[in-house]
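The values are calculated or read from the model by the stated rules, or taken from the named source; none is laboratory data. Since the model is a prediction, treat every value here as computed from it, not as a measurement. When we count neighbours, we look across all protein chains shown, and the Cβ atoms used for this are built from the backbone with ideal geometry, even at glycine.
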Amino acid sequence: MRSIIDDQMVIVIDHPLITHKLTQIRKKETGTNEFRKIVNEIGGLMVYEITRDLELEDVKIETPVASMIARQITGEKLVICPILRAGLGMVDGILQMLPSARVGHIGLYRDEATLKPVEYFAKFPNKMDERLVIIVDPMLATGGSAVNAIDMVKKRNARNIKFVCLVAAPEGVKELRENHPDVPVYIAALDEKLNEKGYIIPGLGDCGDRIFGTK
Ligand code: PRP
Ligand code: URA
């Protein structure tokens, strides 16, 4: 199940399983172990919708009883690019569904005072221009990190890009749509707003800290 807002480029995947799991990680009493597990599970569930338009090609195969023209995914292996740190929390869940995917890493943190992203690491596979590039980060707040991450993969000639997050603020969605209108955005929940410190309300708190048990 999915609902589409905007010009079909913002997709809220409001499947009951995803919504239920999201409620568990929103609760402040949910501990690191459970939080980490559920973030991965939601990442895995979102894969079905994100990969809905993957291209298929014909392939001739033999079943035990007949030959047939079957269908298989074509093209270069896709690449999952988590934005460090919190994006790492979704990678294993996604890889369970897409075990052959490549993984790129985008090192960004949000300066606490300015809320602007600061770049500190980047590593990607080759042929970025031929792959579907899926950038993952559980939180889309001001949108600064997501816009910067997409800039980074576009600099490496990526052309087919999707952005995936768990919880988004309307401010972040707007920023992303204005800067990268060609990139579809997949969201598990669209929340109400940002607070004065740039946290999503109601949100789930600091996702990186909750995944890694820091702070
Ligand atoms: C969080 C989150 C996003 C970013 C979102 O990371 O994982 O990357 O903030 O905020 P924005 O939309 O306003 O840019 P953070 O900077 O806290 O780094 P961390 O994951 O290393 O803790
Ligand atoms: N980053 C987070 O981890 N949580 C928020 O609410 C906003 C940015």
*Which residue pairs have Cβ atoms under 8 Å apart, sit 6 or more places apart or on different chains, and have a first residue in segment 200-215 that is more than 11 Å from Thr32 (Cβ to Cβ) and surrounded by 21 or more Cβ atoms within 10 Å (Cβ to Cβ) and a second that is at pLDDT below 95 and not hydrophobic (A, V, I, L, M, F, W, C)?*
none
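Name the single residue that is farthest from Ala86 (Cα to Cα) among those in segment 96-126 being of a type in the set (Lys, Arg) and assigned to a strand (DSSP E or B). Lay out the reasoning, then the answer.
Taking segment 96-126 and keeping what is of a type in the set (Lys, Arg), we get 102, 110, 116, 123.
Remaining after also requiring assigned to a strand (DSSP E or B): 102, 110, 123.
Numbers: Arg102: 18, Arg110: 12, Lys123: 17 Å.
Result: Arg102.
Here is a yes/no grid of residues against (1) farther than 26 Å from Glu175 by Cα; (2) modelled with pLDDT under 95; (3) over 17 Å from the mean Cα position of the chain (by Cα):
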{"residue": "Arg2", "(1), (2), (3)": "no, yes, no"}
{"residue": "Asp7", "(1), (2), (3)": "no, yes, yes"}
{"residue": "Val10", "(1), (2), (3)": "no, no, no"}
{"residue": "Leu22", "(1), (2), (3)": "no, no, no"}
{"residue": "Arg26", "(1), (2), (3)": "no, no, yes"}
{"residue": "Glu34", "(1), (2), (3)": "yes, no, yes"}
{"residue": "Gly43", "(1), (2), (3)": "no, no, no"}
{"residue": "Met46", "(1), (2), (3)": "no, no, no"}
{"residue": "Val59", "(1), (2), (3)": "yes, no, yes"}
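Could you please find all residues in segment 92-128 being away from ligand 2 (no atom under 16 Å from the Cβ) and buried (at least 18 other Cβ atoms within 10 Å of the Cβ)? Walk me through how you get there before you give the answer.
Of segment 92-128, the ones away from ligand 2 (no atom under 16 Å from the Cβ) are 92-105, 119-128.
Passing the criteria: Gly93, Ile94, Leu98, Ala101, Arg102, Gly104, Phe124, Met128.
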_Tabulated pairs, segment 52-73, first without any contact (Cβ under 8 Å) to a residue 12 or more places away in the chain and farther than 30 Å from Val185 by Cβ, second among the small types (Gly, Ala, Ser) and assigned to a strand (DSSP E or B), C-beta under 8 angstrom, 6+ apart or interchain_ = Lys60/Ser67; Lys60/Ala70; Ile61/Ser67; Ile61/Ala70
*Among the residues of segment 153-172, count how many are in a helix (DSSP H, G or I), within 13 Å of ligand 1 (Cβ to nearest atom) and surrounded by fewer than 23 Cβ atoms within 10 Å (Cβ to Cβ).*
2
*Looking for whichever is within 22 Å of Phe124 (Cα to Cα) and either touching a residue at least 12 places away in the same chain (Cβ under 8 Å) or within 14 Å of ligand 2 (Cβ to nearest atom) (or both) here; the options are Leu166, Leu176, Leu194. Which one fits?*
Leu176
